[in-house]
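Peer 1: This is the structure, below, for whatever I ask next.
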Amino acid sequence: MLNILMIGNGQCGNRILDAVNRESFGSKSKFAKFYSKQKFKSNVETIAVNTAINDLKEMKFTKAKDRIHIPHLHGVGANRNIGKKVFEDNKEQIMRKVEERGRFDVAFVITSASGGTGSSFSPLLVKELKERYDFPVYSIVILPFREEGTLYLQNAAFSLREIRESGTDGIILADNQFLKQMGGDVQSAYDGINSMIARRILFLLDSLDSEMMMVTDLGDFKTVMSGGAGLATVGFYGGDDQDVSVKTSIQKALSPAGLLFSTDVYEEASRAMIIIKGDRKHLNIDDISHEVEKLSSAIGHVFKGIIIREGEYPQVLVVLTLESTSELERMYSAAVDAINMEREKKSRVESQKDMDKAFSQIEGYEPSY
Amino acid sequence: MILLQKKFILLISAVLIMLLLSGIALGAEVDEVTLVQGDAYQINNYLIDARLITASGQTASFDVYEREEKIKSSMISVNESFTFDFEDGGEVEVELVKVDSSSGLLDRATIAISISGYSLRDLHTTKKIPYGDDPDFVGVPELEITKEVGAETVNVGESVRITVKAKNVGDDEALDVRFSDSPKRSFALGDTILDDKGPMFIGTGESKTIMIYELKPTEPGTFTLTPTEATFYNKANKRFEAESNTPTITVEGSLQEADVTISHSAESRNVERNSRINMVLNLKNEGNTAAQGLRVDIELPDDIEFVGGDDEVEVIGGNPRIYIESFGQQQEKEITYSVRPKVTGTYSIGAKLFYKYDDGISTSDASKEATVDNINVVEAKYDFLLELPVYVYIVPLLIFGAVGAWIIHRQKQYKF
């Protein structure tokens, strides 16, 4: 059994971590924690870290002992410089909590790249983990809506770079901008994205620690994640429709509708791992081989694993590492525009010191009534 | 020989009896006294007055007085005697024993006085009265006792004053006077204003008020009071008795009474266990005076518990009780209370009424009882639940408890 550590940083990381815990109960009911048990295959320890106590209070499915509040008013206000200082001041507290949980085989750090706490804590936390432990640390990074604002865009640009430079063993990207195609209001969109990411993480954890007909394991996962540019994403499909064949399910998992990040799989992917789960009668090995071969002929090596689950319809999870990503280039381009816009605003504010001249006109005067 | 001896004994006995009888008839010697002219000898209220004494003639003459009244004169020679009638049938004999003289002095006569038909013990005065001294006669006190009533006709319960007076209408003082007054039937003794039954002294002609008290007739009718009696003595320690008149009192009307009736009822006589039964008590005073300290003790069986009731109903020592300080004539009251039977069965609920009232003479007690019988208590609709095995309740409770504890535990685990 694998020992897995999952840390959710900041509001976004907390919510996805809470969604993972909720999904692990196997029920959508908000009372599931009272009558159900978490169905992790592995020994999974979850830790939520935040400077905003309200975000921690909103978590419903993560145990209180797993929530670490770093006192700093109610957050760092999207200011990564403040966030980094707060982390440095409190990192021993966080690391002590990690240490108390024992030894791990793998760790996942879930964070938004755009916010304050998550984007500033995560690079430093990954760095600390890598310096202190020898298990692989993977980062699950959520990219912002492009229209969320200039501060978030520049945060995302710098944070993603710092995470990549922190020594992480791989970054799995999920892009809110890409996922907003799900539609609905902002809240339900966020909730839907969080649940979607949580279900993929659970599927991945489940598959890394399951008996398989065709084997993939943590070693294969490491190999896949070490390929390409250190960036990856995940595709998923299935489980709900008996009329969809495993072949179609693989194709849909690799299509834009199944991915967490916009990419052309056959053009930009470097390595892949396909995990297929379902009842034996639905898993046509020829169809599976055909689709795997099709992918491997385009990108190179593809690890595949098959998990037999009686009575379940076909489900497919694909982990893809990317050699390049045009979408990320577009985001960084937008981030540069955002940085320039912030600079201009700052210079404009400084130039408005003319206001001081205006105020100076009444210097030495008193109001007369 | 034997016959002669018997005759002798009989003769001797007869002689002795004759001698005894003749001794009484002959009289007992009272005194022997020497008198000179003017002296007297008093024997009770009689005086033997020495008149003319002549030694030369060996004679003497005497006058006999009963108090102031001369009843006899007699001149006798030595060894002669005369007699006079004494009180109570007695007879006194005076014998001139001797007459002598001495130069320069009056002649003296010595007389022997004896009495017959009268006991010597009854003689209270036997003494010589020297010339010039007055005799001291003893009189007869006589008490006239009157018992007066304040009213001859009264109503039942109405007080009537009794006054007892005594007046000495005799000719001597009444000594050691003691009065007695017998209990009065059909009357209750009220206030006593004066009660002086002696011993006391009542002088000649003196009047005293002995008793003043009040009586309350307890029943209608005509009643004659018993007399007040008195015993007393004169100076000679002779005992006398007297009694008062016996006045009559007519009593009209009747005694007052508080007649409180009680009725007791149940709203329903067929009830389910643990349901409430409303009970009603009705009280009414049909008498002609108020009842005081009215109390109703509600007697509940062990398996019936008291639930509540009107303000008059209080629980003392676990038992419901009604207490009303005063319950006037023709006053009515309805009091309700509720009980709850805990066990099936047939029950009776009793109510005991106690009260007091003033009947005009004294405070009387009264008690009555009213019982509601045949209250039939049956099992309630869900009573079967109580008869189920304990585990039927314990198991769900344990489950609920465990679930609750689990929820609390979980809540604490996730509460931040």
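Peer 1: Nearest 10 degrees is fine. How inclined is helix A:150-165 to the longest principal axis of chain A, computing both from alpha carbons?
Peer 2: That helix lies at roughly 50 degrees to the long axis.
Peer 1: Kindly identify residues of the range B:371-416 having a loss of at least 40 Å² in accessible area between the isolated chain and the assembly of all protein chains, probe radius 1.4 Å.
Peer 2: Buried-area filter returns B:410, B:413, B:414, B:416.
Peer 1: Follow-up question, since we're still on this one. Quick check for you: which residues of the range B:239-254 have the amide N under 14 Å from the point 7 Å beyond the Cα of residue B:222 toward its beta carbon?
Peer 2: B:247-252
Peer 1: Then there's this: Stick to the Cα atoms of chain A, pair each with every other, and give me the Kirkwood hydrodynamic radius in Å at one decimal. Could you put the intermediate results ahead of the total?
Peer 2: Working: mean 1/r = 0.0461 Å⁻¹.
Kirkwood hydrodynamic radius for chain A: 21.7 Å.
Peer 1: While we're on this one: Have a look at the range A:255-369 and give its Rg and Dmax from the Cα atoms, expressed in angstrom.
Peer 2: For the range A:255-369, the Cα-based Rg and Dmax read 29.3, 94 Å.
Peer 1: Pick out which of A:156, A:338, A:198 has the largest mean-square fluctuation in a Gaussian network model of chain A, springs linking Cα atoms closer than 10 Å.
Peer 2: Fluctuation is largest for A:338.
Peer 1: Leaving out ligands, DNA and RNA, what percent of the accessible area of the protein assembly as shown is carbon and sulfur, probe 1.4 Å?
Peer 2: Ligands and nucleic acids excluded, carbon and sulfur reach 49 percent.
Peer 1: Then there's this: Helix B:390-414 versus the longest principal axis of chain B: what is the Cα-based angle in degrees, 0 to 90, to the nearest 10?
Peer 2: With rounding to tens, the tilt is 60 degrees.
Peer 1: Hey, with R₀ at 41 Å, roughly what FRET efficiency would residue B:329 and residue B:276 work out to, going by the Cβ-Cβ distance, to 0.05?
Peer 2: On the way: r = 35 Å, r/R0 = 0.85.
Given R0 = 41 Å and the Cβ-Cβ separation, E is 0.70.
Peer 1: Still on this model: Please work out, to two decimal places, the log10 of the ratio I(q)/I(0) at q = 0.09, 0.14, 0.18 Å⁻¹ from a Debye calculation in which every Cα of the range A:3-209 carries one identical scatterer.
Peer 2: Here log10 of I(q) over I(0) equals -0.30, -0.77, -1.34.
Peer 1: A further question on this structure: Between residue B:178 and residue B:319, how many nm apart are label points set 7 Å from Cα along the C-beta direction?
Peer 2: Here the answer is 5.1 nm between the modelled labels.
Peer 1: May I ask you to find the residues of the range A:25-54 that are shielded by at least 40 Å² of accessible area once the whole protein assembly is considered instead of their isolated chain (probe 1.4 Å)?
Peer 2: Residues meeting the cut-off: A:33, A:34.
Peer 1: Where a ≥ b ≥ c are the square roots of the eigenvalues of the C-alpha gyration tensor, would you call the range A:185-324 rounded, which needs a/c under 1.5, or, failing that, prolate if a/b is larger than b/c, or oblate?
Peer 2: Judged from the Cα gyration tensor, the range A:185-324 comes out rounded (a/c under 1.5).
Peer 1: Taking only DSSP H segments of four or more residues, each worth -39500 (n - 2.57), what value at 222 nm results for chain B once the sum is divided by all its residues, to the nearest 500 deg cm²/dmol?
Peer 2: -4500 deg cm²/dmol
Peer 1: The range A:214-242 to the range B:293-334: how many Å between their Cα centroids?
Peer 2: Answer, in whole Å: 89.
Peer 1: Given a Förster distance of 41 Å, report the FRET efficiency between residue A:132 and residue A:211 from their Cβ-Cβ distance, rounded to the nearest 0.05.
Peer 2: Working from the Cβ atoms, E equals 0.80.
Peer 1: If you don't mind, there's one more thing I want to ask. Need one number: nm distance between label points at residue B:73 and residue B:155, each 7 Å from Cα along Cα→Cβ, rounded to one decimal.
Peer 2: Each label point is offset 7 Å from its Cα along the Cβ direction, giving 7.6 nm.
Peer 1: Within the range A:268-369, which GluC sites (Glu not before Pro) sit in a loop by DSSP and count at most 12 neighbouring Cβ atoms inside 10 Å?
Peer 2: Here the sparse-neighbourhood loop sites are A:310, A:363.
Peer 1: Taking only Cα atoms, what is the 0 to 90° angle, nearest 10, from helix B:2-26's long axis to the longest principal axis of chain B?
Peer 2: Tilt relative to chain B: about 90 degrees.
Peer 1: Size of the dipole of the range B:25-129 about the Cα centre, Lys and Arg at +1 and Asp and Glu at -1 on the beta carbon, nothing else charged, in debye to 20?
Peer 2: I would put it at about 320 debye.
Peer 1: If all Cα-Cα distances of chain B are sorted into 20 Å bins from 0 onward, what percent lands in each bin, rounded to whole numbers?
Peer 2: 17, 21, 20, 14, 13, 9, 4, 2, 0
Peer 1: For residue A:304, give me every one of the lysines with a C-alpha distance below 26 angstrom, ignoring sequence neighbours fewer than eight places off in its own chain.
Peer 2: Within the straight-line cut-off, residue A:304 pairs with A:39, A:41, A:222, A:247, A:252, A:277, A:281, A:294.
Peer 1: Cross-link candidates for residue A:346: which aspartates and glutamates have Cα within less than 17 Å, leaving aside residues fewer than 8 places away along the same chain?
Peer 2: List returned: A:337, A:354, A:356.
Peer 1: Need one number: buried accessible surface between chains A and B, 1.4 Å probe, both sides summed, DNA, RNA and ligands left out, in Å² to 100.
Peer 2: Chains A and B together bury roughly 1000 Å² of accessible area.
Peer 1: Here's something else I'd like to know. Say the cut-off is 29 Å between C-alpha atoms; which of A:30/A:180; B:352/B:381; A:28/A:85 go over it?
Peer 2: B:352/B:381; A:28/A:85
Peer 1: In a GNM of chain A with a 10 Å cut-off on Cα contacts, which of A:251, A:93, A:177 has the highest mean-square fluctuation?
Peer 2: Highest fluctuation of the listed residues: A:93.
Peer 1: Accessible area per residue for the protein assembly as shown in Å², computed with a 1.4 Å probe and the full protein assembly in place, what is it?
Peer 2: It amounts to 52 Å² per residue over the protein assembly as shown.
Peer 1: Still on this model: Give me the distance in nm between label points sitting 7 Å out from Cα along the Cα-to-Cβ direction at residue A:147 and residue B:284, one decimal.
Peer 2: Result for the modelled spin labels: 9.3 nm.
Peer 1: Moving on to the next point. Take every Cα-Cα distance within the protein assembly as shown, group them into 20 Å bins from 0 onward, and report for each bin the whole-number percent of pairs it holds.
Peer 2: 11, 19, 11, 10, 11, 8, 8, 8, 9, 4, 0
Peer 1: For chain B, with a Gaussian network of springs between Cα atoms less than 10 Å apart, report the residue from B:400, B:82, B:137 with the top mean-square fluctuation.
Peer 2: B:400
Peer 1: Rounded, prolate or oblate: which fits the range A:1-113, taking a ≥ b ≥ c as square roots of the Cα gyration tensor eigenvalues, rounded meaning a/c under 1.5, else prolate when a/b beats b/c? Can you show the working numbers first?
Peer 2: Numbers: a/c = 2.24, a/b = 1.44, b/c = 1.56.
Since a/c reaches 1.5 but b/c is at least a/b, the shape of the range A:1-113 is classed as oblate.
Peer 1: With every protein chain left in place and a probe of 1.4 Å, what is the accessible surface of residue A:72, to the nearest 10 Å²?
Peer 2: Around 60 Å² of this residue is reachable by solvent.
Peer 1: Right, next: Just need the relative contact order of chain A here, percent rounded to a whole number, with Cα pairs under 8 Å and 6+ apart. Please report the intermediate quantities before stating the final value.
Peer 2: Values: 729 pairs, mean separation 56.9, N = 369.
That works out to 15 percent.
Peer 1: Pairs to check: B:70/B:127; B:333/B:368; A:57/A:345. Give those whose C-alpha atoms are more than 26 Å from each other in this structure.
Peer 2: Pairs exceeding 26 Å: A:57/A:345.
Peer 1: Kindly state, to the nearest 0.05, the FRET efficiency for residue A:360 paired with residue A:85, given R0 = 35 Å and r defined as their beta-carbon distance.
Peer 2: Once the sixth-power term is evaluated, E becomes 0.45.
Peer 1: Using only alpha carbon pairs under 8 Å that are at least six residues apart, calculate the relative contact order of chain B and give it in whole percent.
Peer 2: 10 percent
Peer 1: If you filter the range B:53-121 for trypsin sites (Lys or Arg not before Pro), then keep DSSP loop positions with at most 16 other Cβ within 10 Å, what is left?
Peer 2: Of the trypsin sites (Lys or Arg not before Pro), the ones in loops of the range B:53-121 whose Cβ has at most 16 other Cβ atoms within 10 Å are B:67.
The values are calculated or read from the model by the stated rules, or taken from the named source; none is laboratory data. These numbers come from a predicted model, not from an experiment. Heads up, the Cβs are rebuilt from the backbone with ideal geometry, glycines too, and the neighbour counts pull from every protein chain shown. For accessibility, only protein heavy atoms count, side chains too; no ligands or nucleic acids. Shrake-Rupley method; radii C 1.70, N 1.55, O 1.52, S 1.80 Å.
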